[in-house]
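The values are calculated or read from the model by the stated rules, or taken from the named source; none is laboratory data. Values in this document were obtained by computation on a predicted structure and should not be read as measured data. Cβ sites come from the backbone with ideal geometry, for glycine too, and all protein chains shown count toward neighbours.
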Amino acid sequence: MTDDAKINAPRRISEPPVVRCLLIAVALAFIALFLVVPLLSVFAEALRQGFGFYFQTLRDPMTVSAIELTLIAAAISVPLNCLFGVAAAWTIAKFDFPGKNILLTLIDLPFSISPVISGMIYVLIFGAQGWFGPWLIEHNIRIIFAVPGIVLATMFVTFPFVARELIPLMQAQGRTEEEAARVLGANGWQTFWRVTLPNIKWGLLYGVILCNARAMGEFGAVSVVSGHIQGQTNTIPLHVQILYESNNIPGAFAVASLLTLLALVTLALKTWVEYKSTGLRGTAFTPVPLKKRPN
Amino acid sequence: MAKKQNSVLPGFRLTLGYTLLYLSLIVLIPLAATFVKSSELSWAEFSRTVFSPQALAAYRLSFGASFLAAAVNGFFGFIVAWVLVRYDFFGKRIVDALVDLPFALPTAVAGITLATLYAPNGWLGGWLAPLGIKVSYTQLGIFVALTFIGLPFIVRTVQPVLADLDSELEEAAASLGANRWQTFWRVIFPLLSPALLTGFALAFARALGEYGSVVFISSNIPMKTQIVPLLIMSELDGFQYAKATALAVVMLVISFLLLLAINLLQWWSNRYNATNLA
């Protein structure tokens with residue numbers, strides 16, 4: 001049914017104009033109160049002390065080092081989860097094997113776990129009192145309260161993003177095109193690079209965009225493993241917390257405005273990818289369980 | 001259906017092996033470690049931690065606030081989904097894109113923003129203060145934060161089902177004499193209810209584990225404004241790993257049960273739509 005058909009339909013299969021206007025007003029008021037006002041207030045608070053203070057906060061060495069660490073954590077976790085996503089989608093979408101539904105559920109696990117617990121599990125393994133704690137101390141390797149812990153926690157919380165986007169897409173595409181490529185003499189890599197990858201490029205990009213947004217913005221899990229050492233183990237969201245708790249509210253919002261801009265760019269890119277490629281629905285952002293499909 | 005043995009496509013062993021290895025290293029082994037670690041506690045120690053008055057108060061607050069937030073989102077999220085699918089208005093595409101903001105915005109940013117907005121001298125708190133309503137640093141603030149982060153779930157689960165709904169069903173109801181309200185309540189709503197329930201369960205599950213957006217707007221006072229993730233965090237900050245682990249195990253079991261419920265709901269929803277909309 002097209003939009004025009006809906007508008008021109010007789011009244012009994014649509015609502016009276018008064019009801020329509022009322023519902024639109026309620027929806028817009030809810031969106032304005034919960035989304036638009038907070039969004040505007042981030043920038044209003046950030047610029048409260050003027051542009052000079054704003055840019056001074058962003059140029060502060062502590063802010064710069066937090067930005068660097070966030071970029072490092074995202075630069076490691078996003079490609080690794082991307083590789084995992086492609087491998088998992090290939091094995092799930094192109095082959096039949098028992099236990100597929102269990103595997104799909106396990107891939108979703110990190111979504112249903114509290115960020116605090118996501119960070120805590122690594123403390124239990126690598127922390128001073130953890131399984132490998134004594135061994136790590138003996139060999140002078142720091143994982144918890146250091147950069148490797150932050151990377152691990154980021155990898156955990158962003159684990160399902162790319163896989164979730166690619167699995168339904170590759171299941172829907174089936175395997176006939178790849179089988180044709182093989183029959184025509186292409187080897188495995190050629191089949192993947194020339195047939196599969198062009199088919200999944202938008203889904204892959206979509207997953208990467210969402211994965212990156214979460215990787216750069218993760219707070220709870222990273223907070224547990226970080227140790228909050230300014231200039232060393234501080235990511236952007238943790239730096240926001242430190243500034244806020246030291247009562248530098250405009251500074252906290254200045255740094256927060258960077259993350260807000262990242263969120264807005266993410267939403268814009270996401271909408272653009274959806275426009276370029278119909279059928280993508282952002283299942284990584286709304287974790288409705290994935291289902292096994294018959295191939 | 002071709003069996004894997006005679007599939008012409010390569011890479012099954014490689015990709016399955018890599019998938020299982022990576023899954024085990026990053027997710028399964030660390031999670032299992034939590035359960036093993038908690039088994040080092042005696043039952044008496046375990047139950048003293050997970051049934052302490054402070055923990056019980058935290059469960060009550062976590063469940064209560066998450067339930068209320070998911071319910072409010074259920075109502076308003078349904079209206080937003082309805083309006084986005086059925087009506088045309090200026091700025092619809094922007095509103096549609098904006099619905100995902102709570103997912104895209106880091107929780108720490110949401111937390112400090114809501115805490116500042118609803119503080120007695122904030123944009124919104126300033127309006128509510130003369131009425132005697134305090135939001136920031138109270139239980140009401142926790143509810144507001146959980147409503148914010150759960151907002152997209154209902155919209156995004158109801159929206160696709162509503163868009164796929166066959167207009168013939170509504171036309172049939174109308175031609176058989178139903179008025180618009182009867183058509184909505186007896187025909188459309190039952191078809192959307194599995195999706196609505198799935199969205200509710202997802203929003204509820206997310207709210208139960210939420211930390212970042214709540215930590216700033218809650219005053220984190222034990223027994224009053226401390227939700228379970230904040231309690232676990234305060235145990236971790238005090239290096240009380242055994243207590244934190246015991247509480248984490250309770251939360252993990254609840255999360256797994258919710259995940260199971262969501263899977264069953266989704267299965268029911270798919271089957272329901274397959275039989276009713278075929």
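Data table
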read-out	value
Only one of A:GLY203, A:GLY217, A:GLY188, A:GLY207 that is facing another protein chain (nearest Cβ under 10 Å) and within 22 Å of the chain's Cα centre (by Cα)	A:GLY217
Selection count, the stretch A:201-257, where residues are within 23 Å of A:LEU152 (Cβ to Cβ), among the β-branched types (Val, Ile, Thr) and assigned to a helix (DSSP H, G or I)	8
Matching helices (runs of 4 or more DSSP H) fully within the stretch B:1-81 where at least 2 residues are more than 10 Å from every other protein chain (Cβ to nearest Cβ)	B:43-50
Which listed residue, of A:PHE111, A:PHE55, is part of a helix (DSSP H, G or I) and modelled with pLDDT under 90	A:PHE111
Residues that are modelled with pLDDT under 95 and not hydrophobic (A, V, I, L, M, F, W, C), drawn from the stretch B:70-101	B:ARG86, B:TYR87, B:ASP88, B:GLY91, B:LYS92, B:ARG93, B:ASP96, B:ASP100
Hits in the stretch B:175-220 (condition: of a type in the set (Gly, Ala, Ser), away from every other protein chain (no Cβ under 11 Å) and surrounded by fewer than 16 Cβ atoms within 10 Å (Cβ to Cβ))	B:SER193, B:SER219
Residue that is nearest to A:LEU210 (Cα to Cα), among those in the stretch B:85-103 that are more than 7 Å from every other protein chain (Cβ to nearest Cβ) and of a type in the set (A, V, I, L, M, F, W, C)	B:VAL99
Residue within the stretch A:45-59 that is of a type in the set (Asp, Glu) and surrounded by 20 or more Cβ atoms within 10 Å (Cβ to Cβ) present	yes
Residue match in the stretch A:75-92 (condition: farther than 30 Å from B:ILE254 by Cβ, more than 22 Å from the chain's Cα centre (by Cα) and in a helix (DSSP H, G or I))	yes
